[in-house]
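Below: one structure, written as structure tokens.
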Amino acid sequence: MTNQKEIKNSDLMEKIVSLCKRRGFVFQGSEIYGGLAGTYDWGHYGVALKNNIKQNWWKKFVDNRRDMYGVDAAILMNGKVWEASGHVVGFVDPTEDGEQFNVMFKTQIGAGDEAVVSYLRPETAQGMFVNFKNTVDAFHPKLPFGMAQIGKAFRNEIAPRDFIFRQREFEQMEIEYFIRANDWEKYFEYWKSEMLEWMEDLGFDMTKVHELEVSQEDRAHYSSRTIDFEFDYPFGRKELFGLAYRTDFDLKNHKLEYIDEEGGEKMVPHVIEPTFGVDRAILALLLSAYTEDEKGGEVRSYLKFKPNIAPVICAISPLLKNKTELVEYANTKVYAPLKKEFGRVTWDDNGNIGKRYRRQDEIGTPFCIVVDFDTLNDDTVTVRDRDTGEQERIKVSDLQDYIKEKIN
Ligand code: GAP
């Protein structure tokens, strides 16, 4: 059985960063040119993890609901958006010298005299507000309803740091939920519990998640109430996600309104905004999942991901890679059908079985399936459980159902 080890906070980030590089999750941006501060590049397993998280979020908050409308707006927007939203004046951080520095990335659109100034979006939210009228006209939603978007955001952070925690280019998953002003407290509470439920489902260590009521001085310029969900990272308790009551600030500034189709009432809806950083979600999930234990006198490290987010659901190995019968069987009767069914299935015949298990443990693969000589006689394989290391013999014809049952 497992024998979990305590990991010192001071070592934990280094272990995570090196695992992410070694196993192809996250690399320093532009690494071969010495890097670019505040940027990271995602490798094969990092992309898979990210996609699983985003898909899971979209399923819960968009596909499984009747009141949510997806958007994928352009990152480049008319500069007037950022004037109206208050970001040109208000999206500032103090530098070390105490000067106010606007953290939006300024850019020039077009050439010569025709060129106009704009900014890379610092939040995905405005892409939803500017499409409020389009969405209402196209879908005729009744209040309350929401818009949702996943996409990149950019901030010229003065001090990017702590791996993917504070970057200059990152990704957000945001919801703007439009309500009648009187209902704001009810929906604020509602979205708080929806956010917590999603975190639990995904496998965040909830003992490390804390709510912080953000004081007026510390709130963004558009918010009249904000809760930060903070996480106990090894470098301290810091923001993970946020929930803000943006009032009618944005729609009013964009001069947008809503007409109730039944009563004819004209109004400016108020907004509750649950916001999630994809990169911080990943960092917190890596920290929640990272485990070390002792097996056979050796320390092993593994990522205890829930199967719904694990980059790989199962790895298939022939016991020996130079035995044609084993390779053939593993490839055609196990790997090919499982790959077709689950997609996130990998072939691993590199090194001995012990090495393969260690590699898959670090990727967070819940099941390793091995085809050995017995398989050729009785059509069974061994399935090893990542967390316990225990192995079961399962009939090849039962594999799909076995895995389906375990991952649901
Ligand atoms: N639309 C609201 C908004 O943008 P925010 O609290 O400034 O609010 C939302 O950002 C989320 O985006 C944060 O809770 C965090 O998860 C993520 N985030 C913000 N700045 C980030 C950065 N520099 N690097 C990585 N993630 C960041």
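The values are calculated or read from the model by the stated rules, or taken from the named source; none is laboratory data. Owing to the predicted nature of the structure, the values given are computational and were not obtained by experimental measurement. With ideal geometry, Cβ positions are generated from the backbone for all residues, glycine too; neighbour counts draw on all protein chains shown. For accessibility, only protein heavy atoms count, side chains too; no ligands or nucleic acids. Shrake-Rupley method; radii C 1.70, N 1.55, O 1.52, S 1.80 Å.
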Residue 28 long-range amide H proximity, modeled H, under 5 Å = 41
Amide H to amide H, which residues 5 or more places from residue 205 or on other chains are under 5 Å from it, using H placed in the peptide plane?
-> 288
What is the chain by shape, rounded, prolate or oblate, if you read a ≥ b ≥ c off the alpha carbon gyration tensor as root eigenvalues and call it rounded for a/c under 1.5, prolate for a/b larger than b/c, and oblate otherwise?
-> prolate
Volume in Å³ per residue [convex hull over Cα atoms, computed for region 243-328] = 226 Å³
Please name whichever of 352, 76, 286 sits farthest to the positive end of the charge dipole of the chain, dipole taken about the Cα centre and charges placed at Cβ: Lys and Arg +1, Asp and Glu -1.
-> 352
When the chain is modelled as a GNM with alpha-carbon springs shorter than 10 Å, which of 182, 102, 51 fluctuates the most?
-> 182
For region 275-286, take each phi angle, set θ = phi - 60°, evaluate the Karplus expression 6.51 cos²θ - 1.76 cosθ + 1.60, and give the result in whole Hz per residue in order, putting x for glycine and proline.
-> 10, 10, x, 5, 5, 5, 4, 5, 4, 5, 6, 4
Heavy atoms only, probe 1.4 angstrom, no DNA, RNA or ligands counted: give me 270, 210 ranked by accessible area, highest first.
-> 210, 270
Where a Cα-Cα gap under 14 Å defines reach, which aspartates and glutamates qualify for residue 355, not counting those fewer than 8 residues away within the same chain?
-> 298
Cα gyration tensor category, rounded, prolate or oblate, for region 1-158 with a/c compared to 1.5 = oblate
Pick out which of 129, 249, 373 has the largest mean-square fluctuation in a Gaussian network model of the chain, springs linking Cα atoms closer than 10 Å.
-> 373
Identify which of 311, 366, 94 has the largest mean-square fluctuation in a Gaussian network model of the chain, with springs joining Cα atoms closer than 10 Å.
-> 94
Which FRET efficiency, nearest 0.05, do residue 51 and residue 97 yield, Cβ-Cβ r, R0 30 Å?
-> 0.10
Expected unfolding gain across residue 116-residue 36 under the 0.36 nm per residue rule, minus the alpha-carbon gap, is 26.1 nm
Provide the per-residue ³J(HN,Hα) series for region 24-29, in order, calculated from phi with Karplus coefficients 6.51, -1.76, 1.60 and θ = phi - 60°, each as a whole number of Hz, with x at glycine and proline positions.
-> x, 9, 9, 10, 4, x
Could you give me the ³J(HN,Hα) list for region 257-264, computed from phi with Karplus coefficients 6.51, -1.76, 1.60 and θ = phi - 60°, whole Hz, x at Gly and Pro?
-> 9, 10, 10, 5, 5, 7, x, x
Using distinct alpha-carbon pairs, which all enter the 1/r mean, Kirkwood radius of region 97-228 in Å | 18.0 Å
Ratio to report: Rg/Rh of region 186-343, with Cα atoms as the point set and Rh obtained by the Kirkwood method; give two decimals.
-> 1.19
Using the alpha-carbon atoms, what tilt in degrees (0 to 90, nearest 10) does helix 353-363 show relative to the longest principal axis of the chain?
-> 10 degrees
With N residues in region 309-408, what two-decimal value do you get for its Cα radius of gyration over 2.2 N^0.38 Å?
-> 0.96
With a cut-off of 20 Å, note down the residues of region 156-182 whose backbone N falls inside the zone around a label point 7 Å from the Cα of residue 190 toward its beta carbon.
-> 174-182
Using +1 at the Cβ of each Lys and Arg and -1 at the Cβ of each Asp and Glu in the chain, identify which of 336, 178, 259 lies farthest towards the dipole's positive end.
-> 336
Once Rh is set to the Kirkwood radius over Cα pairs, what Stokes-Einstein translational diffusion coefficient, in µm²/s, holds for region 150-225 at a temperature of 10 °C and a viscosity of 1.306 mPa s?
-> 103 µm²/s
Give, rounded to the nearest 20 debye, the magnitude of the charge dipole that the chain has about its Cα centre when Lys and Arg contribute +1 at Cβ and Asp and Glu contribute -1 at Cβ.
-> 1000 debye
Loop sites in region 99-131: GluC sites (Glu not before Pro), DSSP, at most 13 other Cβ within 10 Å | 99
With a 1.4 Å probe and every protein chain kept in, tell me what percent of the accessible surface of region 202-310 is carbon plus sulfur.
-> 44 percent
Value of relative contact order over the chain, rounded to a whole percent, pairs C-alpha under 8 Å and six or more apart | 14 percent
